[in-house]
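Data first, discussion second: the structure below is written as structure tokens.
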Amino acid sequence: MARNKVKLQYISNDALRRATLKKRRRGLLKKVQELGVLCGVDVCGIIYSPEEAAPQVWPQPQDSRRILRTFNSLPQLERTRKMTNHLAFMQERVGKLRDKVVTRQSDYAKLEIRVVLNEGFLGSDFFEVSVYDLWAAGYALDDLISKVYGRICTVGPVAAPAAVAPAAPTAPAIGEAGPSTQVLRRGDNGEFFVKEMGESGSSSDGTEDDCTCFDE
């Protein structure tokens, strides 16, 4: 079951506020301990409460003092380089969100231009397209044409494929002798004559003009 999102604001109810402090402080100090064990780093947590005389500290007070002395011995630049507060954290988040919005708007504008170009390729009359979108589509098309020409110049001219001469026609093979055997002979003007011969060697109808001509 999903947890309800907690509204980040001061809890005015005293009992609820004390219970929330006790619960979340225990979880926070547990995370501090896990961070030190898993990553092998010196870490300490100190939590003050106006309703308690002594703060809650992890690890032991002597170890926490050692870590604090080491931290305070660092130069000012090293100590404050990665520090942040609530205001700086929120400003950083807002800046990242603004950058994301600008990126999304740019992507959306590119998609609109692509839609206009595709409609143009499909034969649209652009009656419902604004002048701004038409100008943007024109610039995008010019840029695309420039990239195509640049690619052509990079690759260089492509030689046309060599023409292949058609093969010379060849006469079909003469079949075995029989009643319907086809005999071919070449004419004087470059034609093939096909006749059907009978068993005696004469044409099937007794004439020599019964033939089919094939131009070479």
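The values are calculated or read from the model by the stated rules, or taken from the named source; none is laboratory data. Please read these numbers as outputs of a predicted model, since none were measured by experiment. Because the Cβ atoms are built from the backbone with ideal geometry, glycine has one as well, and the counts that use them run over all protein chains shown. For accessibility, only protein heavy atoms count, side chains too; no ligands or nucleic acids. Shrake-Rupley method; radii C 1.70, N 1.55, O 1.52, S 1.80 Å.
Points to keep in mind about this one:
- The condition (being open to solvent by less than 90 Å² (accessible area, probe 1.4 Å) and either under 30 Å from Leu21 (Cβ atoms) or among the acidic types (Asp, Glu) (or both)) is satisfied by just one residue among Val129, Val94, Val115, Val101: Val94.
- In this structure, Val37 qualifies as open to solvent by 100 Å² or more (accessible area, probe 1.4 Å) and hydrophobic (A, V, I, L, M, F, W, C).
- Candidates Cys44, Cys39 - the one that is in contact (Cβ under 8 Å) with a residue 24 or more places away in the chain and under 48 Å from the mean Cα position of the chain (by Cα): Cys44
- With a requirement of 2 or more residues that are among the aromatic types (Phe, Trp, Tyr), the helices (runs of 4 or more DSSP H) lying completely within the range 19-128 that satisfy it span 86-121.
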